[in-house]
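This report refers to the structure that appears directly beneath it.
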There are 6 protein chains.
Amino acid sequence: MRPSGRAPDEMRAITIETGFTSHAEGSCLVSFGETRVLCNASIEERIPPWMRGKGEGWVTAEYSMLPRSTHTRGMREAVKGKQGGRTQEIQRLIGRSLRAVVDLKKLGERQITLDCDVLQADGGTRTASISGAWVALRLAVDGLMKQGVLKEDPITARIAAVSCGIYNGTPVLDLDYPEDSNAEADANFVLIEGGKIAESQVTAEGAPFDEEGLLRLLRLARMGCDRIFAAQEEAVRK
Amino acid sequence: MRPSGRAPDEMRAITIETGFTSHAEGSCLVSFGETRVLCNASIEERIPPWMRGKGEGWVTAEYSMLPRSTHTRGMREAVKGKQGGRTQEIQRLIGRSLRAVVDLKKLGERQITLDCDVLQADGGTRTASISGAWVALRLAVDGLMKQGVLKEDPITARIAAVSCGIYNGTPVLDLDYPEDSNAEADANFVLIEGGKIAESQVTAEGAPFDEEGLLRLLRLARMGCDRIFAAQEEAVRK
Amino acid sequence: MRPSGRAPDEMRAITIETGFTSHAEGSCLVSFGETRVLCNASIEERIPPWMRGKGEGWVTAEYSMLPRSTHTRGMREAVKGKQGGRTQEIQRLIGRSLRAVVDLKKLGERQITLDCDVLQADGGTRTASISGAWVALRLAVDGLMKQGVLKEDPITARIAAVSCGIYNGTPVLDLDYPEDSNAEADANFVLIEGGKIAESQVTAEGAPFDEEGLLRLLRLARMGCDRIFAAQEEAVRK
Amino acid sequence: MRPSGRAPDEMRAITIETGFTSHAEGSCLVSFGETRVLCNASIEERIPPWMRGKGEGWVTAEYSMLPRSTHTRGMREAVKGKQGGRTQEIQRLIGRSLRAVVDLKKLGERQITLDCDVLQADGGTRTASISGAWVALRLAVDGLMKQGVLKEDPITARIAAVSCGIYNGTPVLDLDYPEDSNAEADANFVLIEGGKIAESQVTAEGAPFDEEGLLRLLRLARMGCDRIFAAQEEAVRK
Amino acid sequence: MRPSGRAPDEMRAITIETGFTSHAEGSCLVSFGETRVLCNASIEERIPPWMRGKGEGWVTAEYSMLPRSTHTRGMREAVKGKQGGRTQEIQRLIGRSLRAVVDLKKLGERQITLDCDVLQADGGTRTASISGAWVALRLAVDGLMKQGVLKEDPITARIAAVSCGIYNGTPVLDLDYPEDSNAEADANFVLIEGGKIAESQVTAEGAPFDEEGLLRLLRLARMGCDRIFAAQEEAVRK
Amino acid sequence: MRPSGRAPDEMRAITIETGFTSHAEGSCLVSFGETRVLCNASIEERIPPWMRGKGEGWVTAEYSMLPRSTHTRGMREAVKGKQGGRTQEIQRLIGRSLRAVVDLKKLGERQITLDCDVLQADGGTRTASISGAWVALRLAVDGLMKQGVLKEDPITARIAAVSCGIYNGTPVLDLDYPEDSNAEADANFVLIEGGKIAESQVTAEGAPFDEEGLLRLLRLARMGCDRIFAAQEEAVRK
């Protein structure tokens, strides 16, 4: 039995509130249950030095947890003087995932930065971030197309991410914090609409897993991402 | 004429949404018009080393702007590797202001940290932070009193802050960003319910001011803070 | 009674020794009683990147206390790896104050940096810094005019600063350290010759103050700054 | 065809030279072809503060590339002033992988740090690091057992890691640098002797992959790790 | 001919003004010609963690140049966020030199920090620092002895330092900046009263030197240090 | 008697293995007994900003000790966030020493960086670094000459370094760690083939030394460097 009483293949409620802030070219507040992440897309008409002269754009991400998004207050990274290893690992994953569905040539020589700031954490902040960042990116690119800056859509597909894991011996979908901190295995899948895999990260926490376990987690992830794709579609249609 | 069409002594709409996040002992989202700041109070049963053994508590604050809370994206301080001068100046002001209405002896040997994270900025983020932080602090202390941890209320009064300035030669209340960036003088007042002043900071931006100007700004601030005290009262009563 | 035996409206002895160091374009050692600050003005024929192309110059300041300028040794900020919040707040204030009396267009595309290094501290280091920095700036600009680099004087007025506060219920002028650490309210005023106010910062330490208190402190500050203006005039005349 | 002329399921030559340095409690130089990593295990009779009082030990890792381990010289992280995101991601993976085969209770309240320093890089440095770190750990623990400090062996199994990827449409084992920088998908598997999976990380670089691709890569990884387990066994037997 | 017109074995004027600041337990402003260094000794009744429990004290030093002590303004190390290599090399040398004449057992479990802050630089700042730091240390220790905290004098001898070099083929004593920046060889000697050498550092800048050159420089250094010993004696006698 | 049983003027075994890594333009692993340093020379076709436009090149060095090169594990400088004072002092010495035998004009506008990474430490790491770095530099320059990039050899001579010291009252050559940590005086000499001195650094650790001691140490250093010059010649001839 899951602490939340959910069925093994049951996602938490997903909501995506677009336009949560007004300055960003694309903005949404994404919620996976009690996990809430503010995703803002910023367009800048310049690219990193090492990208210059290729006629291509760049998509990158930054991630942060507000100090009291968690059960006990965490020290602010700006006070520590650096971003921690976990933060860097997650923001690299978000950026890589979104670039998997963007044609950088079609984007032109500009950069889009996805800021994912966790307002409240209850497990799955990285997967909520990826899923929400796609919406913010979509809105920002829609703006460029409406203004006629872009003629062709550089976004090639929807992308979504979900966590799953083995909890008390059972593969379950969309771990919340009580599950996440006790799972035997913990997985994050980033899937592209249509079924392809952009990223698969599976880690044994307590007990190692096998091929069968890996495939069952992947199957759950497909179910979860279908739910997220639907929520993304609804959000951007508004 | 003010860009927003407001009268010189007219505040923007103030809303204070309590319980905006669930982990913090006190939480609210405060809005002064388009300026929105998330204020979270965290109680920790330890105090800074230099405070130990005095039988007193401590109240402190941290302030940050999300990278895209502003018109153009700002670099994240955790990426720069340090908090900037403006950030430090503001968080010192927030902490000092709240301590002005807390009896640290009555608080006991514990620390309350007020995290003020600006989700959206349109002028007056430091004064909105102080005003919202008081609500978060009030809620956190209420919790300690309900639990019987504290017998006596360590909060001695309400405190609120508002900006005002001289814009096109006219003293105006509660500057928004278009006014703030063009004001001849820029003031922040932190007032205690009942009329006393906790902090008065007035800076000439374009043209220096005189005694008369200082007093007119202070009078506007009193009007604004009365509006904020009412909003605070309503927020904590719920 | 003040610990020093001074009358409430009595300044400490002010001395300004120009040419204290030889490399700086303008240099003085300013003393307010036992508080001694070395103020050096450095002219550089370049401006910060964000100022370029406007045909204007820039005036900025840096502030530091030598480790043993204080009663007990403080850790060197270069060892800590960053400037503290108080340092940044003060150096921002010094720079802002001096820019209030400089016409940046007339200065041309060059930067003047005022380094204020506290050799010995006994209260009022920031106000001594502003008052001394004006002398260093004046000397540096005089040099540019003598060389014919500048045709018109970019300095529009004298500027001076003084602290005052409420000590044992009495408003007093020019706090020394024993007063500063026990004052009920602590104020710093930056005044322009002729009577205008460039900056007014008043903070309640123990007990909040009211309008009447604010005005009495301002009146003391005017008396103090008149003394400083006279000392500045005498110093640059030599 | 692979640039090196290897068959798709062909590993590079693996050598593990134990005792490469003399101060570390366990030391080896591991080579996967031209990739060479110095792995040193250091035992310290203290554990991180957050681990204290649990009666458990800790195993952690640090990773670094020498500036000229690569084709062009990279800036030293000690000069940059921080470890980069890639470094942190890799050292977290190495530590997590080794902890998957250590019973921390049996280790007792001590810490073993695995330092993996890349002397020469030609792809697969993180997987060579994990594979070599296990040998260094094994040697260090053997020492503790010989000295009688440990009665029971805290190491529960061998662990090894290998990269594989899809190169020119073909799944291939043990990518070298020319393959790694052009692969369509890039995977790192950490496997436990006997067949279980400790960690699976698969990333689409050019084109997303599917379940079938994932399984084919996993199968290659099993073949590669069997080779590494044999090399580990031989190395520690000496 | 030397730029200053001095004879090859002629020192610049040495002055040592004791009591230059009032808070430090020992303080002096030392001048070697235009080079002026403020040396402050601070006694703290605690020692570094790695020294504890040995019943010994510690003597250490910190060195810094004020930004405008030099011909062109240097960036403040607190702004850069770290002390540079030259700074660290010099402060290590100062600390090591002073420890050469202190019996740390007799000092007891306390630390004396020598802060050497260069107010004005014209060559030889490190040797002036060592020479002045000894005076500050002497005054601080005299204070401890007068208070009866120390029964036996922990200072075993006077120590002084001077630079010399080969300039235009001629060995010269006490290089000023124009000589220092053009010398073929540059030496710093730290000598103990009575003739012993605590430290000898000789560096070829343009042309390497030989044994004969080394000895001639050492002989000049002996002459210079005799002058400094006399100035130290006179300074502390007052 | 020396702990190692060596005669006072006996060097440890010197080996220089060229081509230890393959990417660097020049590479060797130098061993002085148990001390082993990897020296890599990297050529970059750019020079530091402050060198530009002079038509000259630059030679610089970086030094680091692997965390477990020592008896007990040292903290990684990239983790500390900065290079320590000892590291900076040593890498400045290495760079300065090598520049003493390079004609920067003949090198042309390019930079050669010597990375000296200590794999195992047993005293004398800085002198082994200088001696090995010369070999790496020689190999890198030989490459430039073979490619025809350089017509004239910019290297003017061989350079080598060795430590010596006074141990138990006796001057001894090439200190190993047990001697180094107990020597009364500790010297490092950098000598140019033919007999000239590039750098002489002598420090009294326990007891100060005199002229006679200095000369005896220098004489030992000459004997040691002759041995190193022979090893360098043999290494580059291969």
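Structural remarks
- Inter-copy separations for residue E:56, label at 7 Å along Cα-Cβ, nm, ascending: 4.1, 4.1, 4.3, 5.9, 6.0
- With DNA, RNA and ligands ignored, accessible area of residue B:71 (1.4 Å probe; Å², nearest 10): 100
- In nanometres and ascending order, the distances from the residue D:169 label point to those of the other copies are 4.6, 7.8, 7.8, 8.4, 9.5 (point 7 Å from Cα along Cα→Cβ).
- Where Cα atoms sit under 21 Å apart: lysine pairs in chain F separated by 8 or more or lying on different chains: 8
- Ascending distances from the residue B:151 label point to its copies in the other chains, with the point 7 Å along the Cα-to-beta-carbon line: 5.2, 5.2, 7.9, 8.0, 9.5 nm.
- The mean sequence distance of close C-alpha pairs (under 8 Å, at least 6 residues apart), as a share of the length of chain C, puts its relative contact order at 22 percent.
- Residues losing 30 Å² or more accessible surface upon assembly, the stretch F:79-114, compared with the chain by itself, 1.4 Å: F:79, F:81, F:82, F:83, F:85, F:88, F:89, F:92, F:96
- Placing unit charges on the Cβ atoms of the charged side chains and taking the dipole of chain F about its Cα centre, the candidate lying farthest along the positive direction among F:165, F:85, F:178 is F:85.
- Antiparallel bridge percentage (DSSP; both residues within the stretch B:1-126; nearest 5): 70
- In the stretch F:116-225, the trypsin sites (Lys or Arg not before Pro) that fall in loop regions by DSSP, at most 12 other Cβ within 10 Å: F:151
- Placing a label point 7 Å from the Cα of residue B:86 along the Cα-to-Cβ direction, the residues of the stretch B:56-70 whose backbone N falls under 11 Å from that point are B:65, B:70.
- Here the stretch E:1-147 has 50 percent of its accessible surface on carbon and sulfur atoms, given a 1.4 Å probe and all protein chains in place.
- Under the span-like rule (Cα at least 24 Å along the axis, Kyte-Doolittle mean at least -0.5), DSSP H helices of chain E: E:125-146, E:211-237
- The GluC sites (Glu not before Pro) of the stretch D:1-81 that meet both conditions, a loop assignment by DSSP and at most 10 other Cβ atoms within 10 Å of the site Cβ, are D:45.
- Using Cβ point charges alone (K and R +1, D and E -1), the dipole size of the stretch A:133-238 about the Cα centre works out to roughly 700 debye.
- Springs between Cα atoms under 10 Å define the GNM used for chain C, and in it the highest mean-square fluctuation of C:159, C:47, C:130 occurs at C:47.
- Taking B:36, B:96, B:52 in turn, the Gaussian network model of chain B (Cα-Cα springs below 10 Å) assigns the largest fluctuation to B:52.
- Rounded to the nearest 100, the interface formed by chains C and B buries 2600 square angstrom of accessible surface, both chains summed, with a 1.4 Å probe.
- Nearest residue to the symmetry axis between D and C, taken on chain D by its Cβ, in whole Å: D:81, 5
- Accessible area per residue in Å² at 1.4 Å probe, computed on the stretch F:107-210: 29
- With the helix formula -39500 (n - 2.57) applied to DSSP H stretches of n ≥ 4, chain D reaches a computed 222 nm mean residue ellipticity of -10000 deg cm²/dmol.
- P(r) of the protein assembly as shown over all Cα-Cα pairs, binned every 20 Å from zero, in whole percent: 9, 31, 37, 22, 1
- Sparsely packed GluC sites (Glu not before Pro) within the stretch F:143-238, loop by DSSP, other Cβ within 10 Å at most 14: F:152
The values are calculated or read from the model by the stated rules, or taken from the named source; none is laboratory data. On a predicted model such as this, the values are computed, not experimentally measured, just so you know. Cβ: placed from backbone, ideal geometry, glycine included. Neighbour counts: every protein chain shown. Areas reflect the complete protein model, heavy atoms only, side chains present, ligands, DNA and RNA absent. Shrake-Rupley method; radii C 1.70, N 1.55, O 1.52, S 1.80 Å.
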